[in-house]
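Structure first, commentary second.
What follows draws every value from the coordinates through simple rules; no lab data is involved. Please read these numbers as outputs of a predicted model, since none were measured by experiment. Here the Cβ is made from the backbone with ideal geometry for all residues, glycine too, and neighbour counts use every protein chain on show.
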Amino acid sequence: MVTEWQGKEITSPPPKKKRSSTAMFTLKNTGNHPLLIMDIATTCGCASPTFDKHPAQPGEVLQVNVNYIPKDTGFFDETLTVKCNTEKWIKLKIKENQIK
């Protein structure tokens, strides 16, 4: 199974204060079999991912949206593990510098 991500890492501009943000990732199925995202694990409770639950046929795309609210000011670095029916799970990152 071959996949192609548009934006495996997103770096957001620094906000003026702590606030809710959304990051969007797109996964394209470049293989010959249906692609299915089974789950997404996060490294903290401040991120809440949602994703397309249907299989993507070859050439189709799946979307992953992540709503997150950093708990503190300073550098925010969130890693998400996308568990899908591929040989390896996929790591996505969201980086942001929170300022007061």
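Structure values in brief
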| read-out | value |
| --- | --- |
| Checking Gly45 against (1) without any contact (Cβ under 8 Å) to a residue 24 or more places away in the chain; (2) assigned to a strand (DSSP E or B), the condition it does not meet | (2) |
| Test result for Phe25, touching a residue at least 60 places away in the same chain (Cβ under 8 Å), out of contact with any Ser or Thr (no Cβ under 6 Å at 6 or more places or on another chain) and either of a type in the set (A, V, I, L, M, F, W, C) or in a strand (DSSP E or B) (or both) | yes |
